[in-house]
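Report on the structure given below.
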Amino acid sequence: MIIALAGKGGVGKSSISSQLIRQLSKMGVVLAVDADPNTNLPDKLGLPVETTIGEIKNRAVKDPDSIPGGMSKHEFVSMEVRKAMHEHDNIDMLVMGRPEGEGCYCFMNNVLRECFDTMIKRYKFTVVDNEAGMEHLSRKILPRADVLLLVSDPTRIGIRTAARLSAVASEVGMEIGRRILIINNLPGDLPAELAEEAAACGFTGVAAIGHDPLVYTAGLEGSALRLPDDSKLSQGVRAIVKMIT
């Protein structure tokens, strides 16, 4: 199952992604893909990052001589992607990053598409933490999303923004199954007006997560986001796992 998350900055998308990955890793090995150039997911999970896919693409495009003799570009990229993966406690992590400077990356994107298509089949779950534009899904580097989780803050405007991101996914021809809205950081119960707004936007499901002060504390300390089972975010994410699996 491929689960993609998207949302505007500051809505808690990476925090939710990290806890979703932790929950799913109890059920099988998870491929965690940080596809947001801001690269917050490794910090939330407490996993080190030595290189990104963007850096691999840069080297192959800008310095073709770095590819060993007798090895095709396809073989080189596949090898480097495997080397870039960090494996830890049922979580395998890849960070996409972003290529910099001029150069044509079309061939590299095609190679990466083949790499991911082969790789994802080995995992029970793949979780993709996307930027708002969902670039890697729109370029078809990642093949599809069985579930698209659109994260919003607890406002009507936030829900409408999430609906627009869902529309963008359709416009660029992404292959997507269910589209579920997550209303994050609620100060109390879900207000009726927000539930009505979500229903009007046509999501196939809605999940609500309460305000969790432990998330702020972890961010203030700069520590990995490890939450007790009774925290608001942990409870909300467990409910989402039941909804999508």
Qualifying residue in the stretch 114-134 (condition: under 16 Å from the mean Cα position of the chain (by Cα), over 21 Å from residue 30 (Cβ atoms), modelled with pLDDT under 80 and of a type outside the set (Gly, Ala, Ser)): no
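Would you say residue 148 is in contact with a Phe, Trp or Tyr (Cβ under 6 Å, 6 or more places away or on another chain) and either under 22 Å from residue 28 (Cβ atoms) or open to solvent by 60 Å² or more (accessible area, probe 1.4 Å) (or both)? Steps first, please.
Values: in contact with a Phe, Trp or Tyr (Cβ under 6 Å, 6 or more places away or on another chain): no; either under 22 Å from residue 28 (Cβ atoms) or open to solvent by 60 Å² or more (accessible area, probe 1.4 Å) (or both): yes.
In short, no.
Working carefully through the options 176, 183, find the one that is open to solvent by less than 70 Å² (accessible area, probe 1.4 Å) and closer than 20 Å to residue 14 by Cβ. Outline the logic, then answer.
Values: 176 fails: closer than 20 Å to residue 14 by Cβ.
From the options 176, 183, the qualifying one is 183.
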Breaking point among (1) under 30 Å from residue 112 (Cα atoms); (2) of a type in the set (Ser, Thr, Tyr); (3) open to solvent by 60 Å² or more (accessible area, probe 1.4 Å), for residue 166: (3)
Qualifying residue in the stretch 84-91 (condition: assigned to a helix (DSSP H, G or I) and either touching a residue at least 24 places away in the same chain (Cβ under 8 Å) or more than 13 Å from the chain's Cα centre (by Cα) (or both)): yes
Residues of the stretch 192-241 classified as open to solvent by less than 40 Å² (accessible area, probe 1.4 Å), of a type outside the set (A, V, I, L, M, F, W, C), part of a helix (DSSP H, G or I) and more than 14 Å from residue 149 (Cβ to Cβ), total: 2
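For the stretch 70-86, which residues satisfy the criterion of being among the hydrophobic types (A, V, I, L, M, F, W, C), open to solvent by 50 Å² or more (accessible area, probe 1.4 Å) and at pLDDT below 85?
Step one: list which residues in the stretch 70-86 are among the hydrophobic types (A, V, I, L, M, F, W, C), which gives 71, 76-77, 79, 81, 84-85.
After this cut, where a residue has to be open to solvent by 50 Å² or more (accessible area, probe 1.4 Å) as well, the list is 71, 79.
Within the stretch 70-86, 71 is the sole residue that qualifies.
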Residue list for the stretch 49-69, filter: part of a loop (DSSP other than H, G, I, E, B) and at pLDDT 80 or above: 49, 50, 51, 52, 68
Subset of the stretch 23-42 [under 13 Å from the mean Cα position of the chain (by Cα), in a helix (DSSP H, G or I) and surrounded by fewer than 24 Cβ atoms within 10 Å (Cβ to Cβ)]: 42
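Name the residues in the stretch 57-88 that are of a type in the set (Lys, Arg) and touching a helix residue (DSSP H, G or I) at 6+ places or on another chain (Cβ under 8 Å), would you? It would help to see each step written out before you state the result.
Here is the first cut: in the stretch 57-88, the residues of a type in the set (Lys, Arg) are 57, 59, 62, 73, 82-83.
Hits for the stretch 57-88 are 57, 59, 73.
The values are calculated or read from the model by the stated rules, or taken from the named source; none is laboratory data. Small disclaimer: the values here were computed from a predicted structure and weren't measured. FYI the Cβ positions are ideal-geometry reconstructions off the backbone, even for glycines, and counts take in every protein chain you see. Heavy atoms of the whole protein, side chains included, go into the accessibility calculation; ligands, DNA and RNA do not. Shrake-Rupley method; radii C 1.70, N 1.55, O 1.52, S 1.80 Å.
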